[in-house]
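This report concerns only the one structure given below.
The values are calculated or read from the model by the stated rules, or taken from the named source; none is laboratory data. The structure displayed is predicted, hence computed values, not measured ones. Counting neighbours? That spans all protein chains shown, and the Cβs are built from the backbone with ideal geometry, glycine included.
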Amino acid sequence: MVSSTMYSPANSDSLWRTFLPSDFDHILSRTINPCTLQSSSYKHLFGTLCQHPLLLDSGRISFKLDRCSGKKSYILSARELSITWSNDPMYWSWRPTPESRFAEVAELRTVSWLEIKGKIRTKILTPNTSYIVYLITKVSHRVYGLDSAPAEVSISIATKVQNGKAYLYNKYEDPLLYENQRKIEGKNLMIEDNNENGIRVPFKRDDGWMEIELGEFFCGEVDEEVEMSVKEVGFRLKGGLVVEGIEVRPK
């Protein structure tokens, strides 16, 4: 903005092409709507990929770039995950929802054994980058049993396994409701208690969904498989969980 000499190089296609991932052409070949990427410059294309995620692989995966770093993020849709008994309509239902970026989400009807797993290869991520994994969810009006006991969450890559615990539902997601209830009960509630115990709880995202941290891992230069899982097998009946997917994004 202050140097006319630098203006042209700073807007050159050769410079902005370097901000795109090296496998950019392969990513474009997997998108379901390449027409949305028609652009006159790589600078505009970079901005588009930061603001508007691409749907890849028949709409089962969402891809975007981080504006500050240019690093890659992915969301694996519920259809891309392994959800125990998800094909049995007695336990799970699949439905579209206008709030989701994917064609459908999975809604838990009722189950005592809850298990959700996902996998991703590090070769499609940005090398030498720390990533955090989140389960993206909502709850329906008929939610029950999701806050009776924490679920076990884990991230494994090669021989490294990271375990933790997290509640799948946080009825105090509204800060005002939480503060009013704390005044009434005169004690710490689930959020404060679990922060002290290292048990994670869901928090609201900018897109209106909730996210639950499953763990983190470091993506090196060697291709490895990352396995992510959520499991609550306490044989308590639970329902009302709506699963959109699992996000893998730069820390």
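Identify all residues within the range 58-78 that are without any contact (Cβ under 8 Å) to a residue 40 or more places away in the chain and assigned to a strand (DSSP E or B); write none if there are none. Spell out how you get there, then give the answer.
Looking only at the range 58-78, we keep the residues that are without any contact (Cβ under 8 Å) to a residue 40 or more places away in the chain, and these are 58, 61, 63-64, 67-68.
Ile61, Phe63, Lys64, listed by residue number.
Anything in the range 1-28 that is part of a loop (DSSP other than H, G, I, E, B) and either within 24 Å of Glu221 (Cα to Cα) or in the same structural domain as Gly70 (by TED's automatic domain parsing) (or both)? List them, or say none.
Across the range 1-28, the qualifying residues are Thr18, Phe19, Leu20, Pro21, Ser22, Asp23.
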> If you scan the range 204-227, which residues turn out to be assigned to a strand (DSSP E or B) and under 11 Å from the mean Cα position of the chain (by Cα)?
Replying inline: Met210, Glu211, Ile212, Glu213, Leu214
>> Checking Asn180 against (1) surrounded by 11 or more Cβ atoms within 10 Å (Cβ to Cβ); (2) modelled with pLDDT under 90; (3) assigned to a loop (DSSP other than H, G, I, E, B), only one condition comes out false. Which one?
In response: (3)
> How many residues are surrounded by fewer than 16 Cβ atoms within 10 Å (Cβ to Cβ) and either of a type in the set (A, V, I, L, M, F, W, C) or at pLDDT 95 or above (or both) if we restrict to the range 111-122?
Replying inline: 4
